[in-house]
Amino acid sequence: MGSLSTASVEFCFDVFKELNSNNGGDNIFFSPLSLLYALSMVFLGARRNSAEQMEKVLHFNHVVGSLKPGLQDSSQCSQIGRIHSEFGVLFSQINQPDSNYTLGIANRLYGTNEIAFHQKYLSCSEEFYRARPQTVDFEHSLEETRKTINAWVESKTYGKVTNLFAKGTIDTSSVMVLVNAIYYKGQWKNKFQERETIKTPFHLSEGKSVIVEMMYQTGTFKLAFIKEPQMQVLELPYVNNRLSMIILLPVGTANLKQVEKQLNLKMFQKWTSSSNMVEREVEVHIPRFKLEIKYELNTLLKSLGMTDIFDQIKADLSGISSTKQLYLSKVIHKSYVDVNEEGTEAAAATGESIGVKRLPLRARFMANHPFLFFIRHIHTNTILFCGKLASP
């Protein structure tokens, strides 16, 4: 596991736990990688205490060479900490044009037109993150600015992430806003047949149930049986075997809270290790679901320890601009996923099915109660999305 993917998984579980403690009974869905990527654009221009707090929260302190001289001390982007160039490499590995999946990512910093961005910051953020910060007029053209940002996000996410900034989300006093949205569409390697989908009860945690469209297929998949806490771990690959969905499903007397309590990098690696995940014939039942969730993350990031960048007095973003009292006004993150028979968004393409040697014992994976799911890039072991389906 690369140092950057390790950082992204640690950050993923921190954010998940924080979201879960605030709304434990709700669905959760976000992209730790996309969020990390966006915040790194700010980290590129953060200095002193602001940079130290960000480095710690983003787990970049484990990445060798992440704290090299800042932008103002070096003449070339290549001299900056390795973390920024690693992002470029990781993203080109994940977001390959021939991938048979679509990843629509919208990351951009919008700053008030009273800021003069350092030329150095502009060129380096373009080199590493393919994103030049944009100057806008929050003070005099707020509504127009809001609509412009929303239209840009919509275009970058294939029309799936709309109205990222609702009316009143940003105000005329905003100085700098970080926009981060992501959309994913992929096809299962082994598709579910629509004719096999039936209406079935999904048992919610508080003893109630809702009727869901339960998809079904039998195939050979990697599956693990974990004893403590009791659960099944299933891996469903997407076409080309570049990405897969991993589902953690409590079974027996265990419930999701027990799984969540033990969720950390070490345990996740253990649960999903090749010694646990064995290929076998599995009857898979998972609900069709669609999640589109938006978070304002200022409070969450502050509670993780990233406080200074949101503070007008304490923020040190002098690597971005010499403007005094430059701070981050808002961090907005929205993700969209649609899990159905075709994949994670219906698309008219056929996936080939490969005949595999049948194992005599067939296991049953019945996801008719709350579970956790992760979409990860297999080669780099990076979690792109993290979710909890509490109620479809």
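Brief remarks follow.
- Nitroxide proxy distance, nm - points 7 Å out along Cα→Cβ at Asn23 and Glu196: 3.3 nm
- Full-stretch length increase - Lys167, Asn113 - with 0.36 nm per residue and alpha-carbon distance subtracted: 17.4 nm
- Label reach from Val278 (point 7 Å along Cα→C-beta): in segment 220-253, amide nitrogens under 11 Å belong to 223-225.
- The label point for Glu139 and the one for His379, both projected 7 Å from the Cα toward the Cβ, are 4.9 nm apart.
- Taking each DSSP H run with n ≥ 4 as -39500 (n - 2.57) and averaging over every residue of the chain yields -8000 deg cm²/dmol at 222 nm.
- Contour minus Cα-Cα distance for Thr218 and Arg47 (0.36 nm per residue): 56.2 nm
- Whole-Hz couplings from phi, Karplus 6.51/-1.76/1.60, listed for segment 180-192; x for Gly and Pro: 8, 9, 8, 10, 10, 9, x, 10, 5, 5, 10, 6, 7
- Anchor Lys261: lysines whose Cα lies under 28 Å away (excluding residues fewer than 8 positions away in-chain): Lys17, Lys56, Lys208, Lys222, Lys227, Lys270, Lys290, Lys294, Lys302, Lys334, Lys388
- Within the chain, Cys12, Cys386 have no other Cys Cβ under 4.7 Å of their Cβ and so lack a disulfide-compatible partner by this rule.
- Cα long-axis angle, helix 119-129 against the chain (0 to 90 degrees, to the nearest 10): 10 degrees
- Rg to Rh quotient for segment 161-227, alpha carbon positions, Kirkwood Rh: 1.18
- For the chain, the longest principal axis of the Cα atoms and the long axis of helix 142-156 meet at an angle of about 40 degrees.
- Simple point charges give the picture: +1 on the Cβ of Lys and Arg, -1 on the Cβ of Asp and Glu, and for the chain a dipole about the Cα centre of about 800 debye.
- Overall form of segment 195-266: oblate. Here a/c, set by the Cα gyration tensor axes a ≥ b ≥ c, is 1.5 or more, and a/b is not larger than b/c.
- Overall form of the chain per C-alpha gyration tensor (a/c, 1.5; a/b vs b/c): prolate
- Taking the charge dipole of the chain about its Cα centre, with +1 at Lys and Arg Cβ atoms and -1 at Asp and Glu Cβ atoms, the residue from Phe87, Val278, Phe192 reaching farthest to the positive side is Val278.
- For the residues Val161, Val177, Val337, a GNM of the chain with alpha-carbon springs under 10 Å puts the largest fluctuation on Val177.
- The chain: angle of helix 32-43 to the longest principal axis, Cα-based, in degrees nearest 10: 10 degrees
None of the figures in this text is laboratory data; all of them are computed from the coordinates on show. None of the values given here were measured: they were computed from a predicted structure. Positions of Cβ are backbone-derived with ideal geometry, glycine not excepted, and every protein chain shown enters the neighbour counts.
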